[in-house]
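Presented below is the structure to which this report refers.
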Amino acid sequence: MTDTQTISVTVNGETASAAVPVRQNLVDFLRNTLGLTGSHVGCEHGVCGACTLEVDGAMVRGCLMLAVQADGAKVTTIEGYGDRAAALRAAFIDRNALQCGYCTPGMLASALEYVEGGGGADRAAIREHLSGNYCRCTGYQSIVDAVCDVIEGESS
Amino acid sequence: MSGPLTIFDKPNSLIGKPVDRPDAKRLLQGRGKFVDDIQLPRMVHAAFVRAPVAHGRIVSIDLDEARAVPGVIAIYTGADLADHVEPYVGVLSHMVGLRSAPQMPLAIDTVRWTGEPVVMVVASSRAVAEDAAALVFVDIEDLPPATDMERALEPDAPVIHPDFGNNLAWERTVEAGDPDAAFARDDVSVVERTFRFGRHTGVTLETRASVVDYDPSEDTLTCHYSGQAPHMMQFIFAKHLGLPEENVRVISNDVGGSFGIKIHTYGDEIATAAAAKLLQRPVKFVADRLESFLTDIHARDHVVHGRIAVTPEGEIAALAFDDITGIGPYSMYPRTSAIEANQILNLTGAPYALENYRANAKVVFQNKNLMCQYRAVGHPIAMAVADGLLEEAAHKIGMDVVEIRRRNLVKDDAYPCTSATGMKLDDLSHHKTLDKLIETMDYDAKRAEHAALRAEGIHRGLGLVSMIEVTNPSPMFYGIGGAPIASQDGSTIRLEAGGAIHVSSSVTEQGQGTNTILAQIAAGVFGVAMDRVKVTTGDTKTTPYGGGTWASRGAGIGGEATLQAAHALKEQVLDIAGVILQAKPEALDIVEGHVTDKDGTQRMSLSDLARTVYYRGNELPSDMTPELVATRHYRVTDFPFVFTNAAMAAEVELDPDTGFVKILNFWAVEDCGRVINPKLVDEQIRGGVIQGIGGAFYEECIYSEDGQFENATMADYLVPMAFEMPDITIAHVETPTKTSVLGAKGAGEAGTGGAPAALLNAVNDALRPLDAQIHQMPMTPERILKALGTV
């Protein structure tokens with residue numbers, strides 16, 4: 001149960017090597033070993049989306065992937081999106097598309113995936129895309145508004 | 001009230017403006033600081049062995065294998081902690097007759113609900129602690145459980161606390177007028193229904209979490225705590241761990257959702273603090289999702305038998321009901337689990353001019369997780385019963401549901417008045433909000449459209465609710481009952497040497513935007529730009545005493561304290577400016593960070609003034625106090641609560657073949673008094689509505705008969721997600737409360753409290769042509785099909 005394996009992973013542009021327990025999930029590794037606490041843990045079984053982050057260009061659930069599976073991968077977390085997410089961040093602020101902010105890193109990741117994937121300003125489609133990210137505070141409406149604003153170029 | 005009544009009209013007032021939240025930037029960069037983000041030197045981690053059965057006697061506990069796991073630092077049983085923790089009992093002195101048994105952080109002889117903590121394992125990591133916890137063997141002899149709250153009162157039911165003789169925790173009856181005579185009248189139509197409301201829970205996305213550190217050199221306990229009421233927790237940790245209160249510091253930075261879940265005393269959290277004290281090092285406990293479902297307080301869980309009598313003219317002749325609610329094996333400490341039933345007695349029918357009213361509530365112990373206050377305490381039950389019965393009565397006498405409301409709602413010019421249940425009401429606007437709702441939703445056109453669609457086999461329904469909402473509680477709520485829960489709050493505002501101001505407030509931020517509205521109020525009243533205001537909340541060591549955030553009190557109470565403090569600081573500054581500038585203070589003002597003449601001519605910057613006072617006091621007269629800081633506290637007086645009101649409506653489409661309901665539209669018109677920031681309040685109302693939709697259609701803690709929680713995962717317990725949720729139209733009526741200068745009431749409960757009633761009525765409106773009705777929430781497809789008689 002305490003077996004470890006050494007992995008090398010590029011996170012937000014920096015390469016890190018560490019011996020990790022083989023049973024440790026990726027989000028725990030990022031949070032506890034690397035100190036990147038932006039990705040949150042909500043349910044630990046892939047339902048809530050709080051731990052959504054990018055691995056080799058795909059948005060994944062950080063709680064459903066083991067850290068050892070990320071060996072050799074390129075990982076980007078909320079701390080590493082940089083200018084890619086600038087328009088979404090501005091729109092989220094403008095629309096108050098967050099309250100407690102706990103779902104926000106995962107929500108932003110899913111929204112970024114939708115926008116970068118060329119999704120249209122179609123409210124039903126946006127809602128469907130975000131339907132794996134749980135938010136208890138907002139009514140989701142402001143988040144949909146924010147994504148639409150970015151697609152329609154209303155936010156800088 | 002005396003005070004600066006014209007501040008809202010000043011051009012530099014930010015009150016009422018849709019200002020952005022400054023703290024959103026941080027959260028969008030992943031730089032939030034939640035409790036699980038904290039790692040302290042020598043920190044260790046807790047995991048708990050929990051009761052696998054709902055009721056049982058602990059025969060023995062075998063810890064040998066667990067102790068042998070490398071990395072295990074300590075293991076505590078209930079008996080181990082008994083010498084270090086004073087038991088706690090969840091009763092309030094003004095709730096006469098309410099009883100509960102002493103609770104300890106870990107069960108000692110008997111377990112009373114599935115999930116109750118029994119053994120605590122502390123280890124070098126949570127994973128190791130869980131490994132060891134899995135090796136603890138607790139031998140439990142099963143006892144018969146009392147899980148069904150209705151059967152728990154029967155004479156042959158197992159008694160959960162043998163000394164009590166039965167499972168009744170509390171009972172109260174409220175009566176006004178002569179309801180029996182009114183129901184017996186020949187001319188009234190009577191509608192009688194039984195409503196069932198499922199147990200549900202808060203599902204905060206950040207689970208309960210604490211990191212507790214103890215420093216033996218100073219006998220100080222510091223708790224980083226995901227919670228809503230830091231000063232209350234300071235008292236509780238001090239009292240029950242035997243520490244001087246001033247040696248306990250509770251810090252609540254970012255809190256990832258609370259909704260009333262995080263204002264209670266949980267055994268695992270008290271055990272964590274006790275372990276930190278015993279081990280003299282930091283201990284972290286973060287509940288996992290399973291632990292959250294099993295032990296975060298649950299809410300609702302009511303069966304209500306209700307009756308209404310209406311005259312042929314639609315006047316409510318009488319309203320009566322009996323409520324039974326199951327609260328688990330204890331009344332939660334310190335707020336008590338009887339408050340929800342009490343609210344239902346007080347709130348049901350309160351928007352209407354009622355003369356004849358009777359309500360009885362029985363609060364029952366059972367072998368399930370504890371039930372206590374969650375967002376909109378009691379409101380969803382009160383509103384669904386009153387407005388559910390009212391809409392059915394309207395149909396029975398052939399009257400439109402809007403018309404029957406207009407004939408019964410308390411008139412907008414009738415205030416102040418007292419409700420049938422004895423609640424003092426003032427500054428409400430039921431008719432104005434209803435009128436605005438009807439206009440906003442285009443009611444008549446919707447009715448005509450639905451009638452046409454029915455002919456095509458499309459089943460749509462409209463349902464409404466008129467509601468009141470408890471906000472801004474006064475000390476007559478908890479203080480009178482002896483609980484360490486403040487109803488006053490304070491703000492300290494100081495002028496910084498650089499010309500900015502710093503606001504330190506006892507109300508707390510959980511995402512609703514408290515810090516932002518405090519900054520708006522302070523900036524506008526004092527006279528600096530928003531970005532020159534810094535706000536600190538959530539730290540018992542640095543903020544004034546207060547209650548924190550619960551019952552929608554942040555804006556109305558914390559906001560008023562901030563307004564008064566900003567005004568007081570402004571007076572101080574202008575007094576000093578008058579001396580420095582050789583001017584009369586009343587001839588001066590503060591605008592955009594400068595002391596000005598009344599005509600706006602800038603005389604000196606705030607920074608120059610502050611630096612003179614702080615660093616060059618030699619330039620001031622010797623009798624001038626070098627003080628640029630003001631504290632003001634505020635509490636509501638004369639009223640137990642500042643009630644607010646709302647009118648809401650839902651439009652649904654029902655598929656009678658599958659039982660699925662699609663919410664097409666939701667409209668909410670709320671009167672929360674003065675709106676401080678429409679952008680924040682609108683989305684908070686929407687968030688509240690979504691939680692109400694959760695209770696109405698999705699969320700339910702399902703227990704087996706023997707007390708096993710059967711859907712304690714987020715995959716099985718359904719929560720509202722983006723795809724199923726509608727856009728929600730919000731409108732406001734603003735009737736400022738006269739209890740304060742600011743005039744703000746709360747806005748946090750309305751959506752959650754009112755939406756279920758509107759949705760129940762809308763579904764029943766869609767079902768009515770099919771000769772079916774439903775009175776159970778959540779309204780699952782299966783239950784709707786059962787109502788239709790198709791399964």
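The values are calculated or read from the model by the stated rules, or taken from the named source; none is laboratory data. From a predicted model like this one, the values you see are computed outputs, not experimental measurements. Cβ atoms come from the backbone with ideal geometry, glycine included; neighbour counts cover every protein chain shown. Side chains are part of the model used for accessible areas, which takes the heavy atoms of the whole protein and leaves out ligands, DNA and RNA. Shrake-Rupley method; radii C 1.70, N 1.55, O 1.52, S 1.80 Å.
Checking the conditions here, which among B:355, B:392 is part of a helix (DSSP H, G or I), open to solvent by 10 Å² or more (accessible area, probe 1.4 Å) and within 29 Å of residue B:188 (Cβ to Cβ)?
Being part of a helix (DSSP H, G or I), open to solvent by 10 Å² or more (accessible area, probe 1.4 Å) and within 29 Å of residue B:188 (Cβ to Cβ) holds for just one of B:355, B:392, which is B:392.
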Q. In the range B:460-483, is there at least one residue being among the β-branched types (Val, Ile, Thr), within 29 Å of residue B:348 (Cα to Cα) and at pLDDT 95 or above?
A. yes
Q. Can you name the residue in the range B:459-482 that is part of a loop (DSSP other than H, G, I, E, B) and open to solvent by less than 20 Å² (accessible area, probe 1.4 Å) and is also nearest to residue B:387 (Cα to Cα) among such residues?
A. B:470
(Q) Which residue is farthest from residue A:142 (Cα to Cα), if the candidates are limited to the range A:111-127 and must be more than 12 Å from chain B (Cβ to nearest Cβ) and in a helix (DSSP H, G or I)? (A) A:116
Q | Subset of the range B:719-738 (residues that are in a strand (DSSP E or B) and more than 7 Å from chain A (Cβ to nearest Cβ)) | A | B:729, B:730, B:731, B:732
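A quick yes/no check of all residues on (1) among the basic types (Lys, Arg); (2) away from every other protein chain (no Cβ under 14 Å):
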{"site": "B:269", "(1), (2)": "no, yes"}
{"site": "B:284", "(1), (2)": "yes, no"}
{"site": "B:288", "(1), (2)": "no, no"}
{"site": "B:316", "(1), (2)": "no, yes"}
{"site": "B:322", "(1), (2)": "no, yes"}
Q) Of the residues that make up the range B:407-417, is at least one in a loop (DSSP other than H, G, I, E, B), surrounded by 15 or more Cβ atoms within 10 Å (Cβ to Cβ), modelled with pLDDT of 95 or more and out of contact with any Asp or Glu (no Cβ under 6 Å at 6 or more places or on another chain)? A) yes
(Q) Considering only residues that are outside any helix (DSSP H, G or I), open to solvent by less than 60 Å² (accessible area, probe 1.4 Å) and either touching a residue at least 40 places away in the same chain (Cβ under 8 Å) or among the charged types (D, E, K, R) (or both), which ones fall in the range B:763-782? (A) B:773, B:775, B:776, B:777, B:778, B:779, B:780
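Residues that are under 30 Å from the mean Cα position of the chain (by Cα) and open to solvent by less than 10 Å² (accessible area, probe 1.4 Å): does the range B:70-87 have at least one?
yes
Could you list, in sequence order, all residues of the range B:699-718 that are within 14 Å of chain A (Cβ to nearest Cβ), crowded, with 19+ Cβ neighbours inside 10 Å and touching an Asp or Glu at 6+ places or on another chain (Cβ under 8 Å)?
Scanning the range B:699-718 gives a single hit, B:717.
Taking strands (runs of 3 or more DSSP E) that fall entirely within the range A:1-87, which contain at least 2 residues that are open to solvent by 50 Å² or more (accessible area, probe 1.4 Å) and free of Cβ contacts under 8 Å to residues at least 24 places away in the same chain?
The qualifying strands (runs of 3 or more DSSP E) are A:4-11, A:14-21.
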Q. Which of the residues spanning the range B:506-529 are within 21 Å of the chain's Cα centre (by Cα) and either within 14 Å of another protein chain (Cβ to nearest Cβ) or more than 22 Å from residue B:478 (Cα to Cα) (or both)?
A. B:508, B:509, B:510, B:511, B:512, B:513, B:514, B:515, B:516, B:517, B:518
(Q) Which of the numbered conditions does residue B:745 fail, given that it passes all the others? Conditions: (1) within 29 Å of residue A:132 (Cβ to Cβ); (2) buried (at least 24 other Cβ atoms within 10 Å of the Cβ). (A) (1)
Q) On the given criteria, is residue B:754 surrounded by 24 or more Cβ atoms within 10 Å (Cβ to Cβ), at negative phi and either at pLDDT 95 or above or within 14 Å of chain A (Cβ to nearest Cβ) (or both)? A) yes
Q | Unique residue being open to solvent by less than 10 Å² (accessible area, probe 1.4 Å), farther than 26 Å from residue B:207 by Cα, in contact with a helix residue (DSSP H, G or I) (Cβ under 6 Å, 6 or more places away or on another chain) and without any contact (Cβ under 8 Å) to a residue 60 or more places away in the chain when the list is A:111, A:121, A:146 | A | A:146
Q) Which of the residues that make up the range B:530-554 are within 11 Å of residue B:503 (Cβ to Cβ) and under 21 Å from the mean Cα position of the chain (by Cα)? A) B:537
Q. Can you tell me which of B:265, B:272 is touching a helix residue (DSSP H, G or I) at 6+ places or on another chain (Cβ under 8 Å), hydroxyl-bearing (Ser, Thr, Tyr) and not in a strand (DSSP E or B)?
A. B:265
Q) So which residues in the range B:14-30 are open to solvent by 20 Å² or more (accessible area, probe 1.4 Å), facing another protein chain (nearest Cβ under 7 Å) and in contact with a Ser or Thr (Cβ under 9 Å, 6 or more places away or on another chain), if there are any at all? A) B:20
Q: Please indicate, with yes or no, whether at least one residue in the range B:60-69 is outside any helix (DSSP H, G or I), more than 14 Å from chain A (Cβ to nearest Cβ) and under 19 Å from residue B:274 (Cβ atoms).
A: yes
Q. Name the residues in the range B:276-293 that are open to solvent by less than 20 Å² (accessible area, probe 1.4 Å), within 17 Å of residue B:50 (Cα to Cα) and either in a loop (DSSP other than H, G, I, E, B) or of a type in the set (A, V, I, L, M, F, W, C) (or both), would you?
A. B:285, B:287, B:293
Q: With respect to residue B:309, determine if the residue is buried (at least 24 other Cβ atoms within 10 Å of the Cβ), touching a helix residue (DSSP H, G or I) at 6+ places or on another chain (Cβ under 9 Å) and within 30 Å of residue B:86 (Cα to Cα).
A: no
Q: Would you point out the residue of the range B:168-199, among those that are closer than 24 Å to residue B:153 by Cβ and in contact with a Pro (Cβ under 8 Å, 6 or more places away or on another chain), that is surrounded by the fewest Cβ atoms within 10 Å (Cβ to Cβ)?
A: B:198
